[in-house]
Amino acid sequence: MRQKVYSSEVLDVFEKKIENNNKRIITLSSSNWVNIIPITNKNQIVFVKQFRYGSNSETLEIPGGMVDDCESSFQAASRELYEETGYICEKIIELGNISPNPALFKNRISSFLGLNAELKNSNVNNEEEINECLLINKEKVPGLIESGKIDHALVISAFHLLELKRILLKNAHIAQI
């Protein structure tokens, strides 16, 4: 039988005892997550710097967060983008969804691409989470990943999904010619 041993607004911790061999299994439960790669019409990507307590360091990430109850992943991506940066996107495309860590979680993270990102509110006050919002030319992203300046696995996976989408669309176009 599974028993909740801890609960917070971010996650719940469950313990399950396996009767055959007296093992304890710990699992974590969390809402689904989203992240979004917002790109401006000048080929700049909107990034956020934020302090992460787990790594005890400031990270360079794309906007993202938890999907609220009664909210779609698409709505959550739009909301998180605006709440964290003050930007909105003309068009948002789902890149895919993955399991962030199936050994511990059963939730999913959906990654999106936001096109024609535009600043709508420069007075967003999100000091609890975000230390800084910045624009980085998209050509610099591979180098930032390679150097370790971007090292958040879920951010890197979003860029990988974007590259896969680009390759698939290119190949589909060639196949039609």
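The values are calculated or read from the model by the stated rules, or taken from the named source; none is laboratory data. Bear in mind that the values here come from a model prediction, so they are computed numbers and not experimental data. Cβ sites come from the backbone with ideal geometry, for glycine too, and all protein chains shown count toward neighbours. To get the accessible areas, we keep the full protein, side chains included, count just its heavy atoms, and leave off ligands, DNA and RNA. Shrake-Rupley method; radii C 1.70, N 1.55, O 1.52, S 1.80 Å.
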In the stretch 142-158, residue farthest from Met66 (Cα to Cα) [restricted to those that are in a loop (DSSP other than H, G, I, E, B) and either of a type in the set (D, E, K, R) or in contact with a strand residue (DSSP E or B) (Cβ under 9 Å, 6 or more places away or on another chain) (or both)]: Lys149
Members of the stretch 122-141 that are within 16 Å of the chain's Cα centre (by Cα) and either in a strand (DSSP E or B) or at pLDDT 95 or above (or both): Ile130, Cys133, Val141
Members of the stretch 11-26 that are of a type outside the set (A, V, I, L, M) and open to solvent by 40 Å² or more (accessible area, probe 1.4 Å): Lys16, Lys17, Glu19, Asn20, Asn21, Asn22, Lys23, Arg24
Which listed residue, of Asn43, Asn97, Asn56, Asn35, is closer than 25 Å to Leu134 by Cβ, in contact (Cβ under 8 Å) with a residue 12 or more places away in the chain and open to solvent by 30 Å² or more (accessible area, probe 1.4 Å): Asn43
Test result for Glu15, more than 29 Å from Asn137 (Cα to Cα), assigned to a strand (DSSP E or B) and without any contact (Cβ under 8 Å) to a residue 24 or more places away in the chain: yes
Flag for Ile156 being under 16 Å from Glu61 (Cβ atoms), open to solvent by 50 Å² or more (accessible area, probe 1.4 Å), of a type in the set (Val, Ile, Thr) and out of contact with any Pro (no Cβ under 7 Å at 6 or more places or on another chain): yes
